[in-house]
Amino acid sequence: MTWEKQEGNMDFWNPEEGEELIGEVKELVQGIYGLQIQVQKEDGTIVTTPSHKVLQVKLSKIKAGDKVKIVYVKQDLPKIKGQNGVKLYEVYVDKVETTPTEEKVE
C-alpha cells in the first residue's frame, strides 16, 4: 500500500498584529471551539478564521456570500496571571446598498 499525502487550498489564518483578511465568506463552520468562517481571498485561496471568542461574537451576523475585512488589532495583556490575553479584532462587512422599489399608483 502506498500512502499519498492530500493537499488542499485551505489554510488556517494565524494573523500578526495589524494583519488583515479580506475576501468573500464561503462557509460558516461550527467547530469544537465555536464559529469559524472560511474566506476566499482574491488569489483564490480559502482561509479559515480562528475560534477566538471576540472574533466569534463579531462574526455572528455574517452569512455566506458576504464580503468581509477582518483586522487583527492586538492581544491585550491577561487579567489573570498565567492566562492568555484577549485577542482584539475589527470586522467590516461590505453591504450592497439597495433602493426600495417605487410603488405603482393606479
Residues satisfying the stated conditions in segment 86-96, i.e. more than 19 Å from Val25 (Cβ to Cβ) and not hydrophobic (A, V, I, L, M, F, W, C): Lys87
Segment 52-85, subset over 11 Å from Val25 (Cβ atoms), modelled with pLDDT of 85 or more and among the hydrophobic types (A, V, I, L, M, F, W, C), residue surrounded by the most Cβ atoms within 10 Å (Cβ to Cβ): Leu55
Hey, Leu35 touching a Leu at 6+ places or on another chain (Cβ under 9 Å) and either crowded, with 16+ Cβ neighbours inside 10 Å or of a type outside the set (Val, Ile, Thr) (or both) or not: yes
Selection status of Tyr89, within 15 Å of Glu17 (Cα to Cα), touching a helix residue (DSSP H, G or I) at 6+ places or on another chain (Cβ under 7 Å) and at pLDDT 90 or above: yes
Residue count, segment 50-94 (criterion: free of Cβ contacts under 8 Å to residues at least 24 places away in the same chain and among the polar types (S, T, N, Q)): 4
Tally, over segment 58-71, of residues that are within 18 Å of Pro15 (Cα to Cα) and out of contact with any Ser or Thr (no Cβ under 8 Å at 6 or more places or on another chain): 4
Selection count, segment 3-36, where residues are small (Gly, Ala, Ser) and at pLDDT below 85: 2
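The values are calculated or read from the model by the stated rules, or taken from the named source; none is laboratory data. Computed from a predicted structure; not experimentally measured. Neighbour counts are summed over all protein chains in view; Cβ atoms, including those assigned to glycine, are modelled from backbone coordinates with ideal geometry.
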